[in-house]
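Enquirer: The structure is given below, and queries will be raised subsequently.
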Amino acid sequence: MNVLRRAAGAAVMVVATVALGACTAQVEGQAVPDTDAVATSTAPSVSLPTTGPATASSAGLSIDVEPGDCVALGGTVDDATIDNAECGSASSNYKVVDIVNTSETCPGDIDQTYFESFGGVEVGALCLDIDWVVGDCMELGGEDPQRIECGGAAVQGEEVTEILLDTADVNDCSMSGGGFVYRERNFVVCTDTL
């Protein structure tokens, strides 16, 4: 089975200079589920109606998640790994927005897709956003985002100050630090750069 991931990079960082790049890569590997599959987040949930299978396992994926669950996506583009993770935990870096049959049907403003193929045909895809949690900090400069301690020495990242629904205008953020705009789904993650 081929495990594929593509950085969508669709969320637009406004004011700060961090940008998520777009690339496509195919990797050989296998997703290895973890036993921490409890999903509890303090952040407001931003979800879309599911356009595909109800669960990842029914889509043919090797990880069992539902929209709203979180995952730890890691490794490299050459050796990707994905595990279940508790939303807001140190290991969680993405939240499942939707589960679809093919990655090209994910919303255009997601942060990442994870999909698996068999014999060159996609067997299912996860549409993923960064697991933003108000009050938490994320480092975005590596292969995948990582939750970090806010205020640590020599730390570079983004502290989430608020998540605003029903707007795609970063100027609606109460702080002037900037944020990430998700235009298609009409919400903003307001951040301060560390």
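Enquirer: If you scan the stretch 161-178, which residues turn out to be open to solvent by less than 20 Å² (accessible area, probe 1.4 Å) and on the phi > 0 side of the Ramachandran plot?
Expert: Gly178
Enquirer: Yes or no: Ala80 open to solvent by 10 Å² or more (accessible area, probe 1.4 Å), of a type in the set (A, V, I, L, M) and touching a strand residue (DSSP E or B) at 6+ places or on another chain (Cβ under 9 Å)?
Expert: Criteria not met by Ala80.
Enquirer: Among the residues of the stretch 141-186, write down those that are among the small types (Gly, Ala, Ser) and either in contact (Cβ under 8 Å) with a residue 24 or more places away in the chain or over 30 Å from Thr76 (Cβ atoms) (or both). Show your work before the answer.
Expert: Initial filter on the stretch 141-186 (among the small types (Gly, Ala, Ser)): 141-142, 151-154, 157, 168, 174, 176-179.
Gly141, Gly151, Gly157, Ala168, Ser174, Ser176, Gly177, Gly178, Gly179 - these are the residues of the stretch 141-186 that are among the small types (Gly, Ala, Ser) and either in contact (Cβ under 8 Å) with a residue 24 or more places away in the chain or over 30 Å from Thr76 (Cβ atoms) (or both).
Enquirer: Okay, next question. So which of Gly21, Gly60 is at pLDDT below 85, assigned to a loop (DSSP other than H, G, I, E, B) and at positive phi?
Expert: One residue alone meets the criteria, Gly60.
Enquirer: For residues that are β-branched (Val, Ile, Thr) and out of contact with any Ser or Thr (no Cβ under 7 Å at 6 or more places or on another chain), scanning just the stretch 145-160, find the one that is surrounded by the most Cβ atoms within 10 Å (Cβ to Cβ).
Expert: Ile148
Enquirer: Out of (1) within 18 Å of Ile163 (Cβ to Cβ); (2) surrounded by fewer than 24 Cβ atoms within 10 Å (Cβ to Cβ); (3) within 13 Å of the chain's Cα centre (by Cα), what's the single condition that is false for Asp131?
Expert: With respect to (1) within 18 Å of Ile163 (Cβ to Cβ); (2) surrounded by fewer than 24 Cβ atoms within 10 Å (Cβ to Cβ); (3) within 13 Å of the chain's Cα centre (by Cα), Asp131 is out only on (2).
Enquirer: Among the candidates Gly124, Gly75, Gly142, single out the residue that is open to solvent by 10 Å² or more (accessible area, probe 1.4 Å), farther than 24 Å from Leu164 by Cβ and either assigned to a strand (DSSP E or B) or touching a strand residue (DSSP E or B) at 6+ places or on another chain (Cβ under 6 Å) (or both).
Expert: After applying the criteria, what remains is Gly75.
Enquirer: So, Ser91, is that one at pLDDT 65 or above and surrounded by 15 or more Cβ atoms within 10 Å (Cβ to Cβ) or not?
Expert: For Ser91, the condition - at pLDDT 65 or above and surrounded by 15 or more Cβ atoms within 10 Å (Cβ to Cβ) - is met.
The values are calculated or read from the model by the stated rules, or taken from the named source; none is laboratory data. Just so you know, these numbers come straight off a predicted model, no measurement behind them. Cβ atoms come from the backbone with ideal geometry, glycine included; neighbour counts cover every protein chain shown. When the accessible area is computed, the model is the full protein with side chains, heavy atoms only, and any ligands, DNA or RNA have been set aside. Shrake-Rupley method; radii C 1.70, N 1.55, O 1.52, S 1.80 Å.
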